[in-house]
Amino acid sequence: MKERMKQQDIEDLRQLIEFLKSHGVSEFDVDRGDLKIRLKFNPQESGPASLSDLARLLQTAPQTVAHPAAAAHTGATSGAAAAAAPAADDAGLHMVKSPIVGTFYASPSPGASPFVAPGDHVEKGQVIGIIEAMKLMNEIESDVAGEVVKCLVSNGQAIEFGQPLFSVRQA
């Protein structure tokens, strides 16, 4: 027997749809246990949306979708300029990149010491951070051995797939 959606769930879904349309998302899938949602919009009405917008949306989705304005797009030009400057400084360094979209955490719990800091030596497979995605904590491991030169993201920051997290000087 199928369970009917509650009125609040229907309202949350409406707000999600409006948020996705306003940010030009053409397709959206979510799968949480027995809840599966797939939305597709007319491609003529849609444009690209950043993955960080979706990450922020998914982060707030379990509580409510009532605050879609909190995930407003911040502007690509300033982000592109900021990304170009560190790239020149980090020439020749290995970039440990995010394997998923989510929220980055530098330590295992609030108030705890970070997994790594600039100047620390890391081994291949060593945990260097956590990415929370859909309420799951995913340990991020270094894919090389070497010295951590710089942490490129801040604690609690929404990150995108493939975004550089750390620069490492390989040993």
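Tabulated values for the structure
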item: Selection count where residues are part of a loop (DSSP other than H, G, I, E, B) and open to solvent by less than 80 Å² (accessible area, probe 1.4 Å), scope the stretch 116-138; result: 7
item: Neighbours by Cβ (under 6 Å, 6+ apart or cross-chain): first from the stretch 146-162, part of a strand (DSSP E or B); second modelled with pLDDT under 90 and charged (D, E, K, R); result: ALA158/ARG56
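The values are calculated or read from the model by the stated rules, or taken from the named source; none is laboratory data. Nothing here was measured: the structure is a model prediction, and the numbers come from that model. Note: ideal-geometry Cβ built from the backbone for every residue, glycine included; neighbour counts use all protein chains shown. Remember, those area values only see protein heavy atoms, side chains included, never the ligands or the DNA or RNA. Shrake-Rupley method; radii C 1.70, N 1.55, O 1.52, S 1.80 Å.
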